[in-house]
Structures are given as C-alpha cells and as structure tokens.
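Chemist: Quick one: the structure is below, and I'll ask about it shortly.
Each reported figure results from applying straightforward, stated rules to the coordinates on display, with no laboratory input. Keep in mind the model is a prediction, meaning the values are calculated, not measured. FYI the Cβ positions are ideal-geometry reconstructions off the backbone, even for glycines, and counts take in every protein chain you see.
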Amino acid sequence: MRGELLRPRLQRAHASWLEEVAAALGPAQRAEAGPWGRWNALRYLGTTFAERVARERQMVEEAAPRLTEPQRARLWPLGELLDLLPAYIGHQVGLCHRAGEFAALTGRLEATLGRWCRAVEEELGPLPASALPGELQEALRPSAPIEVEAGVGS
C-alpha cells in the first residue's frame, strides 16, 4: 500500500458508484416506469446518494491543502451541484407522475456525477493514498452492492 496512488482506488470506487446510480435511476427513467419506481429512485437520491456525495466532498476537503486553487475551483461547483440537484429534484411536486421531466432531471444529475468522478480522479488521482485519513481510504474500498428497488410499472 505504501506509495500507492489514489487514482486506481478512485476509479474502482467511482465505477461501482456509477453502476449503482444507473441501477437506481435507470429503470425509473423509462417511460413505462410507474410513479412508485420514480419515488424509490427519489428516495435513493435523498438517502444513499446524498451520503455518498457527503463522503466524496469530505475526501476532497481533506485533500484540499494538497490541491492548487484551480483544482479546488474545478471541484467545488461540481460538488455543489451534486449536493443541490437531488434536493431540487426531490422537491419537484408531482415529479413521480411526470416521466419525461423525471428522466431529464435525473439524466442531468448522472451527467454531473460523471463529470465529478472524472474531475476527482484527475485532480486527486496523482496523490498518494496516504493523503487521506484511514476512514476515507476505507470508504474507497469496494463494498457489497446495495439492493435498489426498481419498481418498474408500479
């Protein structure tokens, strides 16, 4: 582990996270998904997803002293969007009943997440794994996939 860079850990963790998000949102984005499927996806965004965003932002905050101002300036707005978009989406009254709007908004969220992951990997990737406290290093280890309720047609 000595001398190991963050990049491979970040790439593995982000690939897993992106798959999890696709599993949580993808079925609910389909036109045939019912309101309960979209509701389950909204619940995921407000809980599991929000917790992961908080951990990621904490990781960036811990690494901030090792980053340049342009690097921090690149990551900050993406992190803010990942904080705000789920809350915004979750407060859209009746969104569970509007498939097209749900798909558009959650598609934007997924695009933002993809940009965040790439930016974090590029900016923090060259740092040694030891740049993060142990609990944040542990958070980058692959975990068991969570069960996501699709609710298609519900």
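Chemist: Could you tell me whether any residue of region 71-87 is among the acidic types (Asp, Glu), surrounded by fewer than 17 Cβ atoms within 10 Å (Cβ to Cβ) and either farther than 16 Å from Leu124 by Cα or touching a His at 6+ places or on another chain (Cβ under 8 Å) (or both)?
Modeler: yes
Chemist: In region 16-50, which residues are surrounded by fewer than 16 Cβ atoms within 10 Å (Cβ to Cβ) and in contact with a Cys (Cβ under 7 Å, 6 or more places away or on another chain)?
Modeler: Leu18
Chemist: Output the number of the condition that Val60 fails; it satisfies all remaining conditions of (1) touching a Gly at 6+ places or on another chain (Cβ under 8 Å); (2) within 22 Å of Ala104 (Cβ to Cβ); (3) not charged (D, E, K, R).
Modeler: (2)
Chemist: State all residues of region 88-132 that are without any contact (Cβ under 8 Å) to a residue 12 or more places away in the chain and either part of a loop (DSSP other than H, G, I, E, B) or of a type in the set (Val, Ile, Thr) (or both); if no residue qualifies, say none.
Modeler: Selection gives His91, Val93, Gly94, Arg98.
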